[in-house]
Structure formats: structure tokens, C-alpha cells
There are 2 protein chains.
Amino acid sequence: MSERVNVAKTVSGDAYEIVIESDFEKLAEEISKLPVEGRKCLIVTDSNVGPLYLQEVTEKITPVFSEVYAMQIPAGEENKTLNTVRTVLVKLISSHFDRKDFIIALGGGVVGDLAGFASSVYLRGIKFIQVPTTLLSQTDSSIGGKTGVDFDAYKNMVGAFHQPSLVYMNMSVLKTLPGREFSSGMGEILKHGLIRDEEYYSWLVNNFNEITDREPEVLEHMIARSCEIKAAVVEEDPTEQGVRAVLNFGHTLGHAIEKYMNFSFTHGECVALGSIAAAWISYKRGNLSDMEFYEIRDMFVPFGLPITLPDDADVNKILEISKSDKKMDGKKVKFILLKKPGKAVIDTTVTDEEMLDALQNMIIKLD
Amino acid sequence: MSERVNVAKTVSGDAYEIVIESDFEKLAEEISKLPVEGRKCLIVTDSNVGPLYLQEVTEKITPVFSEVYAMQIPAGEENKTLNTVRTVLVKLISSHFDRKDFIIALGGGVVGDLAGFASSVYLRGIKFIQVPTTLLSQTDSSIGGKTGVDFDAYKNMVGAFHQPSLVYMNMSVLKTLPGREFSSGMGEILKHGLIRDEEYYSWLVNNFNEITDREPEVLEHMIARSCEIKAAVVEEDPTEQGVRAVLNFGHTLGHAIEKYMNFSFTHGECVALGSIAAAWISYKRGNLSDMEFYEIRDMFVPFGLPITLPDDADVNKILEISKSDKKMDGKKVKFILLKKPGKAVIDTTVTDEEMLDALQNMIIKLD
């Protein structure tokens, strides 16, 4: 089994491929299509993924580079900081990396964002390869060139647009992915259907059993389709001047919920909740029928995603947090609504009252 | 008096203008051609330049932005670090800057490189304006989009290509520039002539009295011509994949001398010495006549630049430092030689012996 998606237009103009495989067998072959002869490589991984795959990946790529170095950062979003980037830079300097050497990010979104950012600033930019190992990073964060780190608890506040030279996915790593992380990936995948492709969205809902059973053929189709959607949006607008913002569907309030909950909810769980809020506002504005809204809300459930906020959630506080979020455009919040299932639009007229109403609607009072 | 140079092709595709004026009167007018309506601005300056021009610049631009903030970093290359970038980011966050707000770099190369880098990473890139106040930054570092900071004593090790939206120069600030800093700028300016324009190089040599007397008309012509040369090279190769490297003429050994001397020599002084070394190698290879070599060497003198190394200089140590320099391309040093005065070429065959010979030749033994 094997799929590939081409990303043709990027900021730098360099096209790259997303290769979807069921093992690491073709990794060296794919990498050797890049200008790697005589070049060094640093594999950046984390303390979760390193013990599982670092040895195998190192063995596979040793023949194609002149030297292969590896470093393991501590796992967890709390380590996605400038200080961790600094440790990567120190490693690159001490190993005398030059402009034409490579970084490989082996891991989930944290590793990819951080190693990608390090590669974008070292000597004003060296090449990097994404080898994403979670569903979330395979279908979302590894594509599109957004790199960065958190800063003073602000997510992705510091970063760069820096496209990978290759994205190589081994789907079989998903077999061992913890259930909650798998669900987190589904949050973004369902979003892809909702914002851009109603047929795909229906396919996801109809295949929830096969997907949650992680049947390889079904996963392969799903990952390829999500990569295509993500890549298509990114190609239209590599640096998010306009249409790329639709990928933030569910994220304006989702990020605020994530912060409000002190990151005790996963990213995908928060995207699910943010998507439901955005769908509610779309419904209230007459873009969705009530049946369409409830279908959207309820489809998150079989994928292990929440559809309610804790019953003591402070919706005013969540709103306030969302306003300090960087997605703000001047004074106006750039909100993504659904025009219909499968079609998202950017809207700058969403009011505080609409957002509070949407959040309130996700709190189930039992008394 | 007023000149302008257009930079048409950049990495991002956004063209920008270099405006050369003799005061700050047109600053607001030039800025207002950019999408600044309703936008905030942070002026980053340093403890040398702030006391001289911050108030005037702030007053001039207050009408065109919704809010104007300012911060002063401590002057000096030793503060061009990630930690200082961090202080700029904290200021941007605490002042709720969003993607469409602006940074203005008011100062010399350190301020421009550092503020430019902060603007390139904050929210993955916001706009910035260069207002360079030294001869070196007006004719060299403010043009071309190279931003960055030093890291563990490695110069510009961490950075980004990020083009300014506007470069505005007030030449009258040069009147108060200390003599040694003026000379430092002349190092790069003489380089511009040597690598690209023999006629300009001759003009510089013939006008050394007027230039060192800082006669406004002569400075204006000089700054404009140097900006044109720098901009032309940068346009051909925005991210230094090839020809842009000629701008590194004098820099391979110059940087090494700068480090060897613990930055007690200015950048331009080291570029002068590095240029003489490169000219020596070019002469030894038969590209220059002996008269051409001695002319090149001696022309640095009237501009206050050195042509000899301290007589106890350890040339082997300087060579060693140059080899840990980032301009290395794999194992080979990318050296810039003169094919003739006014024409530089990239060469990867320069040997250790040639470099040692060139360095040795700059030590005058008196006994």
C-alpha cells in the first residue's frame, strides 16, 4: 500500500511530496531523491517516539547521509519552547552543520513544529524532512510549512513558514498510538470534511467503525484524503493571507478552551468543541438546518471526542482568552463559519453574544 | 536632496523601496503608502541612537499609526542575542500586536538585524521598516532581508530571510557618526566597488577627501550607488543560493579576524583586511597585476581602515577560526576572489596555504 500527494506551490516555490507508506522500507529511497549526497542529518525525536522508532529510522537512513546524528527532546507540549530550540541549535553547531545539511523530525506535532522551526532559523534556513508518527501530525501539522514554538503560554506565538522537503508517513505506527491521541487526530480530520468536502465528511461518518478499528485500507484512504485537502488549501494561500484561515475552523474558541482547561484536553478534543460552537453559530444564522447541526455535533461522539464543556466552565473567561488569541485581525475576530456542511467561510462579524451563546449551549446542566 | 532605489524581486515577491533623504520629514508620508491604517507600531532602537532620534521619529510617525510603542535595547553587538529578541517578543505580546502590525528598526546593524529577526518570527512574520542610522547599515545591512542574531559567539548563526517593507534613510544622521564607525561603513562600500563596478571604485578613490569630509552631495551619490549594487545582487539571488555570495568578498577571513581580535576591530576594519587577503590571493593567481593589488590595498588607508594585522597575530589560529565559519559549503570553503577590479567570482579551490600566505603578508615585521 502506498499513496502520494504532491504539494506544488509553496512560499519558497519548492514543491515537495507527501509519501504515505505502511513501513519505513522506502524512507531511504525517498530521501535519496533529495540533494543529500555528502550531507549530514540530525534526527530530532522525543522521549515517547525515540524508544520506538529511532533505531529503525537511523539504520534505514545511514546509507544516504555522510553522518547521522540524533537527539531526543523531552515529550510534551510544555517543552515546545525557545529553550528546547536552543538545545537543537547547540547540537547543530557542535556537529558543524552547514547550510546544505538536513534535519529530520521524527515524532508528533510538537517535534515537527519545533524541529521545523529550528531548521528555519539555523543559518537562516536549512532543509528538513517530516516523519510524522501521530494521526494529528500525519494529517495536519506536518503539511503546510507552519513551524513554531509556544512563548509564555501563548501557542505557536513564535515561528516561521518553512516548507519541508519531504513528508514521509509510515501508517503502521498508528497501530500503537494511544486511543486518546488517535481521537485527537480525528478532530482535525472531521474538520477537513466539514470545511471542504461534504462527501468525505459523510464517508468518515459512515466508516466510523472501520476507522476506529484502524483498518489499514480505510486509514490509508482517510490520511491521503485529509492530506489532499490540507495541501490544496495551503497551496492556495501558503502564508495565510486569506483562504488558508478556513483551516482554523473550530480553532478560535478551540484554542481558548485548550488554554482554559490548562491543556488537560487534547488539541483534537478542543477542536471538536470549537467546531461545535462554530457550527452552532452557523445554525443560528440559518446556514445549517437543525438536523445538520445535531448531526455535526453528534458525529464527534463515535470517534471518542467530547461534545460538552464541564458544567462549571466559565464561558466569559473562555471568551476573554479567545480575544487575546493571535488570530485576531485588528480589533475584529476572524471567525470561520460553515456556509453549509463541506463549505467554510471567513466571517468577521461574529459577536461576543453569539460566541457566549455557543459556549453556553455546550454546557449540559443536569439539575 | 532625495534618491530612491527599488528592490523589485524578493523571496516573498513583495517589492520595496529604499528612500534616501536628508531629514525625517518624509518618513510619515513614505510609511503611509503601506497598509498602516489602524495598525500599531513598535519602534526598536538602542541606547546610543534612542537619545538622539527616538523622540523626533516618534513624533513624525504618530499620526499614521493607531498606537506607537518604543523600546530601547542596550547598544552593542554583545546584545544581538536570542535573549534580547525575547524582550522584543514580550513587548509585542504585552502590547497585543497582531499579524498586521509593524516593527520599525531605528539604529545600526545590530538593531536592524535583531528587530528584523523578531518581526520575522513573531506570529510567523509581521511587517517591518528599516530606518538605518549608520553608514554601514544604510549601505549594507538594511538591504536584502538578512536578519538574525549571534549565538554562542557565532555571528548571525540564527536568523531568517525577511524583507523590510520600506527602508528610509536620513543621511544627515551621518554628521554625528563617530569617525571609526564611518570608516567601518567605508569597508563595505569599497567592497561594493571592488566586486561589481570598477568605475564606482575609481570614483570612491578619487573622491576620498569629499567623502571623509562627509559632503552631502557626495554621500548621497555614494549611498545611492552602494544601495543599487547591493539591491541588484540581492535581487538576482534573494536567499544566497549562488551569486549573492560575492557580497561575502573579504568576509571569509574578515569574520575570522573579527573573532580572533575579540571584536576589538570594527566589522568594516575586518572586511578591509579580509578584502586585502582576498585581493592578495587573486594577485598571486594572476588575476590582478601587482600595481592593481597595491592600489587596492592602499586605498583603504585614506578612509581610516587598517591594512596590516598586529605583528603578533597567529595566522594559523585565524585560519582555524575561518574553517568553523558557517560560510563553509560541505568540506569546501566558498571563497570570493577578484577576477579583476570590479568583478568578483566564487571559488572553492582556495587552499589553506594560500590563505596563510595572504594573512602572513599582512603582518609587517619591523625587526
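Collect the residues in segment B:227-246 that are away from chain A (no Cβ under 14 Å) and either within 30 Å of residue B:324 (Cβ to Cβ) or not in a helix (DSSP H, G or I) (or both), keeping them in residue-number order.
Within segment B:227-246, B:229, B:230, B:233, B:236, B:243, B:246 meet the criteria.
What single numbered condition from (1) at pLDDT below 90; (2) under 30 Å from residue B:178 (Cβ atoms) fails to hold for residue B:237?
All conditions are met except number (2).
Looking at (1) free of Cβ contacts under 8 Å to residues at least 12 places away in the same chain; (2) surrounded by 14 or more Cβ atoms within 10 Å (Cβ to Cβ), can you tell me which one residue B:62 breaks?
Answer for residue B:62: the failing condition is (2).
Can you tell me how many residues in segment A:169-190 are buried (at least 24 other Cβ atoms within 10 Å of the Cβ) and within 25 Å of residue A:53 (Cβ to Cβ)?
7
Just wondering, is there one or more residues in segment B:124-144 that are at pLDDT 95 or above, touching a Leu at 6+ places or on another chain (Cβ under 9 Å) and on the phi > 0 side of the Ramachandran plot?
Within segment B:124-144, none of the residues are at pLDDT 95 or above, touching a Leu at 6+ places or on another chain (Cβ under 9 Å) and on the phi > 0 side of the Ramachandran plot.
Quick check on residue A:89: is it within 14 Å of chain B (Cβ to nearest Cβ) and closer than 24 Å to residue B:321 by Cα?
yes
Just wondering, is there one or more residues in segment B:319-327 that are away from chain A (no Cβ under 14 Å), of a type outside the set (S, T, N, Q) and either surrounded by fewer than 20 Cβ atoms within 10 Å (Cβ to Cβ) or touching a residue at least 60 places away in the same chain (Cβ under 8 Å) (or both)?
Within segment B:319-327 (the criterion being away from chain A (no Cβ under 14 Å), of a type outside the set (S, T, N, Q) and either surrounded by fewer than 20 Cβ atoms within 10 Å (Cβ to Cβ) or touching a residue at least 60 places away in the same chain (Cβ under 8 Å) (or both)), the answer is yes, since at least one residue qualifies.
Just to be sure I understand, how many residues within segment B:52-78 are at pLDDT below 95 and assigned to a helix (DSSP H, G or I)?
Number of matching residues: 2.
Quick one: how many residues across segment A:1-51 are assigned to a strand (DSSP E or B), of a type in the set (Val, Ile, Thr) and at pLDDT 85 or above?
Here the count works out to 6.
With the condition being within 14 Å of another protein chain (Cβ to nearest Cβ) and of a type in the set (A, V, I, L, M, F, W, C), I'd like the strands (runs of 3 or more DSSP E) fully within segment A:97-170 carrying at least 1 qualifying residues.
Filter on segment A:97-170 gives A:102-107, A:146-151, A:154-161.
Residue B:162 fails exactly one of the following numbered conditions: (1) surrounded by fewer than 21 Cβ atoms within 10 Å (Cβ to Cβ); (2) modelled with pLDDT under 95. What is the number of that condition?
For residue B:162, the failing item is (1).
With the requirement that a residue be of a type in the set (Asp, Glu) and either at pLDDT 95 or above or over 22 Å from residue B:158 (Cα atoms) (or both), what does segment B:314-367 give you?
Answer for segment B:314-367, where residues must be of a type in the set (Asp, Glu) and either at pLDDT 95 or above or over 22 Å from residue B:158 (Cα atoms) (or both): B:314, B:347, B:352, B:353, B:354, B:357, B:367.
For segment B:38-83, which residues satisfy the criterion of being under 26 Å from residue A:83 (Cβ atoms), within 14 Å of chain A (Cβ to nearest Cβ) and among the hydrophobic types (A, V, I, L, M, F, W, C)?
B:82
Against the condition in contact with an Asp or Glu (Cβ under 8 Å, 6 or more places away or on another chain), under 20 Å from residue A:299 (Cβ atoms), touching a residue at least 24 places away in the same chain (Cβ under 8 Å) and part of a helix (DSSP H, G or I), how does residue A:188 come out, does it pass?
yes
The values are calculated or read from the model by the stated rules, or taken from the named source; none is laboratory data. These numbers were taken from a predicted model, which means no experiment stands behind them. In this analysis, Cβ positions are derived from the backbone assuming ideal geometry, glycine residues included, and neighbour counts consider all displayed protein chains.
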